[in-house]
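Q: Let me give you the structure first, and then I'll get to my questions.
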Amino acid sequence: MGNLLSLAAGGVKSALAAAEELELDVQSLTESLAGPVWADWGGLTELILRFFLNVAVVALIVRVFYYPKSKRRDYFVTFILISISVFLIIFLMGGVKLKTGVALGLFAIFGIIRYRTESVPIREMTYLFLIIAVSTINALDSSISYVELLATNLLFIISIWAMESNRWVKHLASKLVLYDNVSLITPEREGELIEDLKKRTGLDIQRVEVGAIDFSKDTVMVKIYYDPLVNEVNSVNHVGRLPKVG
């Protein structure tokens, strides 16, 4: 009699477990047939808040730190649009459980962008990498609080301000000059070379470096370092020859 009761109890448990599994399968099938969710208001709010936070931080970085020195509107627009693109791609792909490795791979793809029309200066490439990093952090992980997210963005801004400020590191601009007096390039006549270059260029030259020498044409490539008259970045400072026409 006891064995029969035990068998009956076991059968009831098995039947209940099978019923629960069947109920879960039916529920999953119903949800899959129902199609995508048309309105996830919580996710939409999260997207809007993070999007405007990202745009505000990136616009602040580009407008306050990058643009005043470079005055390059084309890069200004490029940085903003790349930031928006990276943010939306990573945020929306995160909705389908994007793995961290895939996100970092996408980050690396955007990070090696090169423009075929012209060589991108190192400062612009640095800001491009920085903009991609900020946009990735703002979009990738939704588990951290907004306080932590704001603190992270604030650390980015403080770090950029510290590096761009002349209070910590004295900035010397540099320029390549094709010089036509080879007789002054010897070490003992460096003072005369600097004075002659100061007189010709009108710049406050601090030091010089001597490069390639052409004795047949009495010319030498000299790199001069000087205190800039204005706090701007000259995009043609390192051009060593005139571009070809036609």
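Q: Could you please find all residues in the range 207-246 being at pLDDT 65 or above, exposed (fewer than 14 other Cβ atoms within 10 Å of the Cβ) and more than 17 Å from Leu178 (Cβ to Cβ)?
A: Residues satisfying the conditions are Arg207, Asp227, Leu229.
Q: Being in a loop (DSSP other than H, G, I, E, B), touching a Ser or Thr at 6+ places or on another chain (Cβ under 6 Å) and free of Cβ contacts under 8 Å to residues at least 60 places away in the same chain, is that true of even one residue in the range 175-193? Don't jump to the end; show me each part of the working.
A: Our first condition is that a residue be in a loop (DSSP other than H, G, I, E, B); within the range 175-193, this holds for 180-181, 185-186.
Now drop any that are not touching a Ser or Thr at 6+ places or on another chain (Cβ under 6 Å), which leaves 180.
Narrowing the set further to residues that are free of Cβ contacts under 8 Å to residues at least 60 places away in the same chain leaves 180.
Yes, the range 175-193 has at least one match.
Q: Turning to a different aspect of this structure: Tell me whether the range 141-149 contains one or more residues that are surrounded by 15 or more Cβ atoms within 10 Å (Cβ to Cβ), modelled with pLDDT of 85 or more, of a type in the set (A, V, I, L, M) and in a helix (DSSP H, G or I).
A: Checked the range 141-149: at least one residue is surrounded by 15 or more Cβ atoms within 10 Å (Cβ to Cβ), modelled with pLDDT of 85 or more, of a type in the set (A, V, I, L, M) and in a helix (DSSP H, G or I).
Q: Further question on the same structure: Every residue in the range 158-174 that is under 19 Å from Ile122 (Cα atoms), in a helix (DSSP H, G or I) and either at pLDDT 85 or above or of a type in the set (A, V, I, L, M) (or both), please.
A: Ser159, Ile160, Trp161, Ala162, Met163
The values are calculated or read from the model by the stated rules, or taken from the named source; none is laboratory data. What you see is a predicted model, and the numbers here were worked out from it, not measured in a lab. Don't worry about glycine lacking a Cβ; one is built from the backbone with ideal geometry, like all the others, and counts go over all protein chains shown.
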